[in-house]
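The numbers here are math on the coordinates, done by the rules we state, and not lab data. Since this is a predicted model, take the numbers as computed values, not measurements. Because the Cβ atoms are built from the backbone with ideal geometry, glycine has one as well, and the counts that use them run over all protein chains shown.
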Amino acid sequence: MEIQVFTVDAFTNLPFKGNPAAICPLMHELSDDLYQKIAAELNLSETAFITRINPSDTFTTGSRFCLRWFTPTNEVNLCGHATLASAAVMFQYKKNINPTLVFETKSGDLAVTQRGEGYVMDFPLNPPTQEDPNEFRDIIKAAVGNHMIQDVYLSSNTKKLMVRLADSCDRAVLTSLKVDPVALQRSEKTGKVKGLIITMKGSPDCPPGYDFYSRFFSPWNGIPEDPVTGSAHTVLGSYWSKELGKRKMLAYQCSSRGGELELEVRDDGRINIAGQTVTVLQGTMTL
């Protein structure tokens, strides 16, 4: 059996930046065990598998497909960068003729539309709830040390904990954080948290005008640090929209690779997340 594989850098227009995802368009579904083994072998933060829903469809003509995401260690319910990358493969390499594709996922229907040189994803919004920092003292200490923090919020729906650094912190504080994934994982074993977002207010007056910055860590899912995380922005978008009084925002995830996301919080309780992609590898896996 041969499986086509694309490696796509998402939320960037430059190779080796953004977040790489492996995309596998499949003519037939495989077993969950095989999906997991392939994801472990490719060893990117996410490997996405696209399958047809209607057997009479092709990847060129169909408008609805099934999409699943696997980290090297487990399946996840929502992934932004691999959804963006999946759409790019469908539109650019499978020459899909539809203006919008709908992916059926564990997080419901996710629509992706072409826009200019990029794509816009229609995602659920995951508003977080404010928490007592003392309840998460160990994980905060493991992540940010003695740096001042301003807010702690938890999205119980996504199990993402969001820690906001104080506005007095410089962006260099966020970019220079050395987070030990082992210590982070040890600091939280209740199952309440599966991902940690560290964020801070941006400088919209300075070009290119980022409204906020973030980094994301998920050793609980086998990902020490995720370079650019669409799903984290379903939480961040909700929080910062209220804080800044803005619906449209430009965000930058300042990992070592870095990536840019355009956000628009909508009235219907969803969020548009837009970005660009670059394909860096095409190949075939033989099983």
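Things to note:
- Whole-percent P(r), the chain, all Cα pairs, 5 Å bins from 0: 1, 6, 13, 17, 19, 17, 12, 8, 4, 2, 1, 0.
- If you take all other residues with their beta carbon under 12 Å from the beta carbon of MET90, and give Lys and Arg +1 and Asp and Glu -1, the sum is +3.
- Cβ-defined net charge surrounding THR129, 15 Å radius [Lys, Arg +1; Asp, Glu -1]: 0
- Remark on ILE50: its backbone amide H falls under 5 Å from those of CYS24, LEU26, a criterion applied only to residues 5 or more positions apart or on other chains, H modelled at 1.01 Å from N.
- Separation of the range 236-287 from the range 1-77 is 19 Å, based on Cα centroids.
- Projecting label points 7 angstrom from Cα along Cα→Cβ for LEU14 and LYS192 puts them 3.9 nm apart.
- Ratio of the Cα radius of gyration of the range 11-142 to 2.2 N^0.38 Å, where N counts its residues: 1.18
- Ascending count of other beta-carbon atoms within 10 Å, so fewest first, for HIS28, HIS233, HIS147, HIS81: HIS28, HIS147, HIS233, HIS81
- Nitroxide proxy distance, nm - points 7 Å out along Cα→Cβ at GLU29 and LYS95: 3.0
- Between the Cα long axis of helix 232-244 and the first principal axis of the chain there is an angle of about 50°, rounded to the nearest 10.
- For the range 210-287: relative contact order, % (alpha-carbon pairs under 8 angstrom, 6 or more apart): 26
- Net lengthening on full extension, SER176/LYS159 (0.36 nm per residue, minus Cα-Cα): 3.6 nm
- Simple spin-label estimate for ASN146 and ILE53 in nanometres, 7 Å along Cα-Cβ: 5.5
- Our summary gives the range 138-287 a relative contact order of 16 percent, counting only alpha carbon pairs under 8 angstrom and 6 or more residues apart.
- Counting neighbouring Cβ atoms within 10 Å and putting the fewest first, the residues MET148, MET249 line up as MET148, MET249.
- Ordering of 125-134, 160-169 by packing is 160-169, 125-134, highest average first (other Cβ atoms within 10 Å, averaged per residue).
- Unsatisfied cross-links (Cα-Cα over 32 Å) in the set LYS95/LYS194; LYS37/LYS95; LYS95/LYS201; LYS37/LYS242; LYS17/LYS242; LYS95/LYS192: LYS95/LYS194; LYS95/LYS201; LYS37/LYS242; LYS95/LYS192
- For the range 129-265, size of Cβ-based charge dipole, Lys and Arg +1, Asp and Glu -1, in debye: 280
- Projected-area mean, the range 160-287, by convex hull of Cα positions, square nanometres: 10.7
- The chain: antiparallel DSSP beta bridges as a percent of all, rounded to 5: 80
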